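As structure tokens, the structure follows; a few thoughts come after it.
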Amino acid sequence: MGHSALEVADIFRLHGPAFRVAQASHLSLGQLKVMSAIEQCRTAALGGHVLGCSDCGHIEVAYNSCRNRHCPKCQASAAKRWLEAREADLLPVDYYHVVFTLPAPISDIAYYNKAVIYGLLFEIAAEVLTTIAADPKHLGAQVGVTLVLHTWGSALTHHPHVHGIVPGGGLSPDGKRWVACKPGFFLPVRVLSSLFRRRFLEALQEAYRAGKLQFFAESCALADPKAFAKWLAPMGKCKWVVYAKRPFAGPQAVLAYLSRYTHRVAIANSRLVCLDERGVSFRWKDYRDKGDQDKPRHKTMTLSVEEFIRRFLLHVLPGGFHRIRHFGILANNARKEKIALARELLNAAPATAVMVAAEANANVADIPADLIRANFVCKHCQGQMTLIEVIVRGQSIRAPPLVRGVA
């Protein structure tokens, strides 16, 4: 099967049933639901609709998508809606990209404690950024932070980290002026890394004492407090990776970047190369390779089908867990007022008419007609497509029932 046609859904449909049987005792309900959703996505099982072009008569059948946040095919529209909502929050300042990464030993126990450790990763990263930024020795301002969780490396390994997008400045403590950071420099990375390490380890110890952590397989011994303390001690001495990338080239570049990162899944269908008797081959980027001409960073890896599916399912998030969060002046509870104040202090233009109407829950009729496009456009003549028929879905997205033995 060539890479132009291969999708994660194809792999799940062909090999998912055997994988479920072989790993029945190791798969969570959430993982089973993700598999079912991806397998059924854009098939007759979920129903759909028939569209007809009023100009050229072209007929098109479209099946419904699963809208699961782990599905490689369902993220484009979700990302578009999210970016449109965030466009009004952009300020005419430089934006910085900061990444917080956990050491490998903590990543290992994070797999069995996703909600707790991923949650701490969000909270501590945001706390570190806002605390250092508020320090008069560095910036002395209230900043805003958008954090996006990624749990994977390029080879689909478990590698939890958060990407932070931060405006280059913030509101003064009294809220009367905008405090800009130095051009090309946001906050000292070494200071961020040191505080991040200390605060995360403190929070992890608190979670352990509160009985919030679970240990399985090789980590079972960590349930003993002395063993946990011994395991944790080296973490306070090793280097924790926190790095800042160069500032974006303006607010629009931030939107372009966010469109690639906010709704990304563990692997895109475009990276799949082939599925054959050897397994699944896909493209990956070797970040440890510093660019030797004889050893290109972009490589192809082949995994057995079972290992590929296992790695993909490593990145299924707990139900209800938010992988995009806002802090500081971008926090949901005061974002509208803080952004309006920042725009006023920066003498920035207001949001577009569409965004203003959306924020005010205005009727579509109140938005200028030239800013509204038809929902469905014919790919042959660009005419408007109208709904002809609705195809009723065959079944709901659910995990297959577990086989129970008869007493």
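The values are calculated or read from the model by the stated rules, or taken from the named source; none is laboratory data. If you're wondering where the values come from, they're calculated on a predicted model, not measured in any experiment. Cβ sites come from the backbone with ideal geometry, for glycine too, and all protein chains shown count toward neighbours. Each accessible area value is taken on the protein alone, full model and side chains, heavy atoms only, with ligands, DNA and RNA left out. Shrake-Rupley method; radii C 1.70, N 1.55, O 1.52, S 1.80 Å.
Whenever a residue of region 280-295 is open to solvent by less than 20 Å² (accessible area, probe 1.4 Å), its partners that are modelled with pLDDT under 60, lying with C-beta atoms within less than 6 angstrom and at least six residues away or across chains, give the pairs ASP289/LYS295.
Evaluate the following for TYR257: is it open to solvent by 30 Å² or more (accessible area, probe 1.4 Å) and not hydrophobic (A, V, I, L, M, F, W, C)?
On the way: open to solvent by 30 Å² or more (accessible area, probe 1.4 Å): no; not hydrophobic (A, V, I, L, M, F, W, C): yes.
No; evaluated as a whole, the condition is false for this residue.
All conditions in (1) modelled with pLDDT of 80 or more; (2) farther than 30 Å from ALA85 by Cβ hold for ASP292, with the sole exception of (1). Contact map, region 177-188: residues that are open to solvent by 30 Å² or more (accessible area, probe 1.4 Å) paired with residues that are among the hydroxyl-bearing types (Ser, Thr, Tyr), Cβ distance under 8 Å, separation 6+ or inter-chain. Pairs shown: TRP178/SER172.
Regarding region 224-232, can at least one residue be identified that is open to solvent by 70 Å² or more (accessible area, probe 1.4 Å) and either within 24 Å of VAL162 (Cβ to Cβ) or of a type in the set (Phe, Trp, Tyr) (or both)? Write out each step before concluding.
Initial filter on region 224-232 (open to solvent by 70 Å² or more (accessible area, probe 1.4 Å)): 224-226, 230.
After this cut, where a residue has to be either within 24 Å of VAL162 (Cβ to Cβ) or of a type in the set (Phe, Trp, Tyr) (or both) as well, the list is none.
Taking every residue of region 224-232 in turn, none turns out to be open to solvent by 70 Å² or more (accessible area, probe 1.4 Å) and either within 24 Å of VAL162 (Cβ to Cβ) or of a type in the set (Phe, Trp, Tyr) (or both).
Residues in region 152-199 that are hydrophobic (A, V, I, L, M, F, W, C) and more than 26 Å from LEU255 (Cβ to Cβ) were compared, and the one that is nearest to the chain's Cα centre (by Cα) is LEU156. Within region 323-374, restricting attention to residues that are modelled with pLDDT of 90 or more and in a loop (DSSP other than H, G, I, E, B), the residue that is farthest from GLU87 (Cα to Cα) is ARG323.
The helices (runs of 4 or more DSSP H) located wholly in region 74-184 that include 2 or more residues which are farther than 30 Å from CYS220 by Cα occupy 75-86, 114-134. List pairs: first in region 226-237 and closer than 12 Å to ILE106 by Cα, second aromatic (Phe, Trp, Tyr) and crowded, with 16+ Cβ neighbours inside 10 Å, Cβ under 7 Å, 6+ apart or cross-chain? These pairs meet every condition: PHE228/TYR208.
Only residues that are closer than 30 Å to PHE12 by Cα, at pLDDT 70 or above and not in a strand (DSSP E or B): list them for region 380-407, please. I'd like the intermediate steps shown before the answer.
The initial filter retains those residues of region 380-407 that are closer than 30 Å to PHE12 by Cα, namely 389-406.
Remaining after also requiring at pLDDT 70 or above: 389-394.
Matches in region 380-407: VAL392, ARG393, GLY394.
Scanning region 38-69 for residues that are part of a strand (DSSP E or B), within 13 Å of VAL392 (Cβ to Cβ) and open to solvent by less than 30 Å² (accessible area, probe 1.4 Å) returns GLY48, VAL50.
Within the group VAL93, VAL143, VAL99, which residue is among the aliphatic types (A, V, I, L, M), in contact with a strand residue (DSSP E or B) (Cβ under 8 Å, 6 or more places away or on another chain) and open to solvent by 10 Å² or more (accessible area, probe 1.4 Å)? It is VAL93. Name the residues in region 101-128 that are touching a Leu at 6+ places or on another chain (Cβ under 7 Å) and among the aromatic types (Phe, Trp, Tyr), would you? Across region 101-128, the qualifying residues are TYR111, TYR118, PHE122. Of all residues in region 104-118, those satisfying the criterion of being out of contact with any strand residue (DSSP E or B) (no Cβ under 6 Å at 6 or more places or on another chain) and either without any contact (Cβ under 8 Å) to a residue 24 or more places away in the chain or of a type in the set (S, T, N, Q) (or both) are ALA104, ASN113.
On the given criteria, is TYR112 of a type in the set (Phe, Trp, Tyr) and open to solvent by less than 10 Å² (accessible area, probe 1.4 Å)? Don't jump to the end; show me each part of the working.
Numbers: of a type in the set (Phe, Trp, Tyr): yes; open to solvent by less than 10 Å² (accessible area, probe 1.4 Å): no.
No.
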